Amino acid sequence: MERIEKQSTQTRTLGRAGIEVSALGFGCWAIGGEWATPDGQPLGWGKVDDEESVRAVRRALDLGVTFFDTADAYGAGHSERVLARALGKRRADVVVATKWGNVVDEERRLLTGNDDSPAYARRALTASLRRLDTDYVDLYQLHLSDADPERGAELRDVCEEFVCEGLIRGYAWSTDDPARAAVFAEGEHCAAVQHRLNVLQDAPELLLLCEESGLASINRSPLAMGLLTGKHTAGRALEAGDIRNAPPAWLPGFTERHGADPEWLARVDALREILTSGGRTLAQGALAWLWARSPRTVPIPGFRSVAQAEENAGAIAEGPLTAGQLAEVDRLLGR
Ligand SMILES: NC(=O)c1ccc[n+]([C@@H]2O[C@H](COP(=O)([O-])OP(=O)(O)OC[C@H]3O[C@@H](n4cnc5c(N)ncnc54)[C@H](OP(=O)(O)O)[C@@H]3O)[C@@H](O)[C@H]2O)c1
């Protein structure tokens, strides 16, 4: 009985595709390193050390993490390459998710546009398979969060073709819009929705859709882009190549060249005691909230070091918050 309980809190199934993953995935955006728009808006998280990224992925594998989320755009292809190198022969033991829709110039490390055409989906998949050094992608995700829903339906059918051809095992739309997610949910091999979810930014409608459609809820920004680790202070600028130092409109919680938003930090402070109770670190408590929020959640925190990999993977053994702690979080946030 105890074993069954342990299994259910430490693994999750990616929707109807039946793909089993560790309850925690690792997000590979930051390890792509620097990339930008042609007019200089940073899109990465600043400089990274590829050797440290490789060590961090391998440490995560040793600690039982079996799910890695990347995108063809991260670091303009670099994240997929680093992940492939780190996984090596262990690729067959893990579930790899990547995304398509953004168009990049690999050489110049630039985002040059986007393309929602079915023909581009096939070209992008071919390129990802090459960079990931694999024959198949486990979970293929549409990265264009606000693409036209009718086009989304076409792309869903294209994904079904990819499944038939053995090129992917399942697919998802990375979007915060329940109506768009519902379009993909109609497909037989749709496995998940990837959407923003963290203790400061709830998403009840998407969680309901996942529940009703039998999909996994893959949680991007589970640490509110680092705010929920407790290491940020107001007024401290981040590195020049870090997107959080020049946050676009869709990235709340950080201010232009002045670091974390004080109002967000106050909310993090209000939660510190409850999230760290029982010996968890703040980041581990934030992940524990996500597992308590729904049995379908799979948080995918980003990482840049072995130390972060160890701390985040260490959250798995601690399991979810209790129902009482979940209610206390809502009370503290006035929800
Ligand atoms: N549209 C999309 O599909 C989309 C959008 C966003 C993200 N994602 C996916 O979601 C993943 C995670 O979301 P996110 O990157 O937005 O942010 P996040 O997971 O909320 O925050 C990750 C960042 O927090 C810091 N951190 C992580 N663990 C830490 C620890 N234990 N101690 C201290 N600091 C720690 C690291 O940054 P520093 O070391 O620099 O502080 C790390 O890069 C991404 O990697 C990507 O795979 C997808």
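The values are calculated or read from the model by the stated rules, or taken from the named source; none is laboratory data. Predicted model only: the values in this text are computed from it and were never measured. When we count neighbours, we look across all protein chains shown, and the Cβ atoms used for this are built from the backbone with ideal geometry, even at glycine.
Points to keep in mind about this one:
- When the stretch 284-315 is filtered for residues that are part of a strand (DSSP E or B), near the ligand (Cβ under 10 Å from one of its atoms) and not small (Gly, Ala, Ser), only Pro299 remains.
- Scanning the stretch 189-201 for any residue that is within 13 Å of the ligand (Cβ to nearest atom) and small (Gly, Ala, Ser) turns up at least one such residue.
- Among residues of the stretch 98-108, those that are of a type outside the set (Phe, Trp, Tyr) and under 21 Å from the mean Cα position of the chain (by Cα), counted: 6
- Qualifying positions in the stretch 149-205 - within 24 Å of Ile300 (Cα to Cα), aliphatic (A, V, I, L, M) and surrounded by fewer than 16 Cβ atoms within 10 Å (Cβ to Cβ): Ala179
- Residue check, Ala283 surrounded by fewer than 17 Cβ atoms within 10 Å (Cβ to Cβ) and among the hydrophobic types (A, V, I, L, M, F, W, C): no
- Considering the stretch 119-238, the qualifying helices (runs of 4 or more DSSP H), each wholly inside and each with 1 or more residues that are closer than 27 Å to Leu333 by Cα, run over 178-185, 204-213.
- Scanning the stretch 67-88 for residues that are surrounded by fewer than 24 Cβ atoms within 10 Å (Cβ to Cβ) and over 21 Å from Leu110 (Cβ atoms), we see that the one that is farthest from the ligand (Cβ to nearest atom) is Gly88.
- Test: residue in the stretch 114-127 that is more than 14 Å from the ligand (Cβ to nearest atom) and in contact with a Ser or Thr (Cβ under 6 Å, 6 or more places away or on another chain): no
- Considering residues of the stretch 212-227 that are within 12 Å of the ligand (Cβ to nearest atom) and of a type outside the set (A, V, I, L, M) only, the residue surrounded by the fewest Cβ atoms within 10 Å (Cβ to Cβ): Arg220
- Looking across the stretch 228-253, the residues that are hydrophobic (A, V, I, L, M, F, W, C) and either near the ligand (Cβ under 8 Å from one of its atoms) or at pLDDT below 95 (or both) come down to Leu228, Ala234, Ala237, Leu238, Ala240, Ala246, Ala249, Trp250, Leu251.
- Within the stretch 138-196, tally of residues that are free of Cβ contacts under 8 Å to residues at least 40 places away in the same chain, closer than 19 Å to Trp250 by Cα and not hydrophobic (A, V, I, L, M, F, W, C): 10
- Here Gly259 passes the criteria (1) in contact (Cβ under 8 Å) with a residue 40 or more places away in the chain; (2) among the small types (Gly, Ala, Ser); (3) more than 30 Å from Gly187 (Cα to Cα) except the one numbered (1).
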